[in-house]
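Below is one structure, written out as structure tokens; the observations come after it.
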Amino acid sequence: MGLWKFFLKIFVISMMTFGGGYTIVPLIREEFVHKEKLIGDEEMLDLIALSQTAPGPIAVSTALLTGYKLKGRRGAVVGVIAATLPPLIIISILYFFYTWFASNIWVRAALRGMSGAICAIMIIAVYDLAKAALKKHKIFSAIIMVAAFLTGLLTSINLGLIILALALIGIVAFHYVPEEKMP
Amino acid sequence: MILLRLFIAFVEVGAFAFGGGYAALPLIERVIVHRYGWLSMMEMTDVVSISQVTPGPIAINAATFVGMRVAGLPGAIVASFATVLPQTILLFIIGIFFFRGKRPTTIDHAFLALRPGVAGLIGVATVSIFISAIFLSTSPIVIDPVALVAFSVVLILRIKRVNLFPLVFLGAGIGLLGHLVEYLTGTGASPR
């Protein structure tokens, strides 16, 4: 895939990332895991985890790392620009009539349906990613997954800290139990 | 110079906004509303509501909006790219170690826990998207019938592996159609 094609793909994906944050994940998967088959689901999880180690919008980090993975450093820069331009262009235009737009009843109506759709899309993505994450060390992985889910759901601990804790748990656990013996 | 001040302010927002999405809001508010006075509290609320109906991260939306307000289009461009600069630099450095050559096994071990953990965290995000999309209110429980229909239809089509991009538009179409039906029958739920 050329840089230009990659730019266009991320540009379109960024234009459809409503709701922010992780909603970019199913869109990136659709293009680069399913259609182009350039990234596997396990690698996708790695990229998302890595994107959490930096501050700033998750969608931009994920686009950057996808670019880095596929096209090296130039891909990373293209990923950032392609992810940043759509919101920049859209808000620059809407700036002149934002109160009308944000309160427009038809815009709101379209959004009600779209949020429902995005939610369904996210559920399928989570199911696929969970399956990929449970491929190795089923019991260990299942415990970690449930623990991370409950921590995120029930506490307000910062995501960055949860990521750090997960990395440490992995390092310590596999230091004491060799990979081939981990259930 | 105003562009330089915008740049510095939004590099700070980008550098310290951990956790993504609405976690960044208090920081944006502190820098933009309280320190520089570029937006009033009311306008900040407008930025949040416009972010809900447009794609893209709220930090970039806020940066573009403030940039336009303070210095027009050049301001919007400077502020938006300033927001993503810190993560770009940091991930560039991380990328050099991660994508080049052989990784130490310690890093591989960290990722064996990070993969299931991240799947769990995306699950959390999905739960909160579900609650805000499907429920108009959680106490008492009021379900948005239009969102529920869009959700169910898209879920079924997605299980059948229908391409994702048209499904987002299908959702929008169901939203418009649903509103039209509510409007014609006078059964509309109050819009959010």
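The values are calculated or read from the model by the stated rules, or taken from the named source; none is laboratory data. Note that the structure is a prediction, hence the values are computed from the model and not measured. All Cβ positions, even for glycine, are placed from backbone atoms using ideal geometry, and neighbour counts span all protein chains on display.
Here A:Ala125 fulfils each of the conditions (1) in contact (Cβ under 8 Å) with a residue 60 or more places away in the chain; (2) in contact with a Phe, Trp or Tyr (Cβ under 8 Å, 6 or more places away or on another chain) apart from (2).
Comparison of B:Ile156, B:Ile143 shows that the only residue that is aliphatic (A, V, I, L, M), more than 22 Å from A:Gly20 (Cβ to Cβ) and touching a strand residue (DSSP E or B) at 6+ places or on another chain (Cβ under 8 Å) is B:Ile143. Exactly one residue out of A:Thr66, A:Thr84 is of a type in the set (S, T, N, Q), crowded, with 24+ Cβ neighbours inside 10 Å and facing chain B (nearest Cβ under 7 Å): that is A:Thr84. Would segment B:85-108 turn up any residue that is of a type outside the set (Ser, Thr, Tyr), within 7 Å of chain A (Cβ to nearest Cβ) and closer than 30 Å to A:Leu94 by Cα? Checking segment B:85-108: at least one residue is of a type outside the set (Ser, Thr, Tyr), within 7 Å of chain A (Cβ to nearest Cβ) and closer than 30 Å to A:Leu94 by Cα.
Can you find even one residue in segment B:34-48 that is hydroxyl-bearing (Ser, Thr, Tyr) and facing chain A (nearest Cβ under 9 Å)? The answer is no, given that none of the residues of segment B:34-48 is hydroxyl-bearing (Ser, Thr, Tyr) and facing chain A (nearest Cβ under 9 Å). The condition of being buried (at least 19 other Cβ atoms within 10 Å of the Cβ) and part of a helix (DSSP H, G or I) holds for only one of B:Ala15, B:Ala23, that being B:Ala15.
Restricting the first member to segment B:38-64 and to residues that are within 19 Å of A:Pro57 (Cα to Cα) and free of Cβ contacts under 8 Å to residues at least 40 places away in the same chain, and the second to residues that are among the polar types (S, T, N, Q) and not in a helix (DSSP H, G or I), the beta-carbon pairs closer than 9 Å and six or more apart or on different chains are B:Val53/A:Asn104; B:Pro55/A:Thr17; B:Gly56/A:Thr17; B:Pro57/A:Thr17; B:Asn61/B:Thr54. Mind checking whether some residue in segment B:63-78 is within 14 Å of the chain's Cα centre (by Cα) and among the aliphatic types (A, V, I, L, M)? Yes, segment B:63-78 contains at least one residue that is within 14 Å of the chain's Cα centre (by Cα) and among the aliphatic types (A, V, I, L, M). Taking segment A:41-63 as the search range and keeping residues that are in a helix (DSSP H, G or I) and more than 7 Å from chain B (Cβ to nearest Cβ), which one is surrounded by the most Cβ atoms within 10 Å (Cβ to Cβ)? Within segment A:41-63, the match that is surrounded by the most Cβ atoms within 10 Å (Cβ to Cβ) is A:Ala63.
Scanning segment A:107-133 for residues that are over 16 Å from the mean Cα position of the chain (by Cα) and more than 7 Å from chain B (Cβ to nearest Cβ) yields one hit, A:Lys131.
Pairs are defined by a Cβ separation below 8 Å, a sequence spacing of at least 6 or placement on different chains, a first member in segment A:91-106 that is modelled with pLDDT of 85 or more, and a second member that is not in a helix (DSSP H, G or I); the pairs so defined are A:Ile91/B:Thr54; A:Ile91/B:Gly56; A:Leu94/B:Thr54; A:Phe101/B:Val53; A:Ile105/B:Pro191. Applying the criterion of being touching a residue at least 40 places away in the same chain (Cβ under 8 Å) and either within 9 Å of chain B (Cβ to nearest Cβ) or crowded, with 24+ Cβ neighbours inside 10 Å (or both) to the residues of segment A:26-40, the residue that is farthest from the chain's Cα centre (by Cα) is A:Arg29.
Inside segment A:70-80, residues that are facing another protein chain (nearest Cβ under 8 Å) and modelled with pLDDT of 95 or more make up a count of 3.
Let's see how each residue does on (1) assigned by TED's automatic domain parsing to the domain that holds B:Glu12; (2) hydrophobic (A, V, I, L, M, F, W, C):
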site: B:Leu91; (1), (2): yes, yes
site: B:Thr126; (1), (2): no, no
site: B:Ser139; (1), (2): no, no
site: B:Arg158; (1), (2): no, no
site: B:Arg161; (1), (2): no, no
site: B:Phe165; (1), (2): no, yes
site: B:Val168; (1), (2): no, yes
site: B:Ala172; (1), (2): no, yes
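Out of all the residues in segment A:144-160, is one or more in contact (Cβ under 8 Å) with a residue 60 or more places away in the chain and surrounded by fewer than 18 Cβ atoms within 10 Å (Cβ to Cβ)? Scanning segment A:144-160 turns up at least one residue that is in contact (Cβ under 8 Å) with a residue 60 or more places away in the chain and surrounded by fewer than 18 Cβ atoms within 10 Å (Cβ to Cβ). Pairing each residue of segment A:1-25 that is closer than 12 Å to A:Gly79 by Cα with any residue that is at pLDDT below 90 and surrounded by fewer than 23 Cβ atoms within 10 Å (Cβ to Cβ), provided the two are 6+ apart or on different chains, yields C-beta distances under 9 Å for A:Lys9/A:Met1.
For segment A:135-143, the criterion of being under 19 Å from the mean Cα position of the chain (by Cα), within 7 Å of chain B (Cβ to nearest Cβ) and buried (at least 20 other Cβ atoms within 10 Å of the Cβ) is met by no residue.
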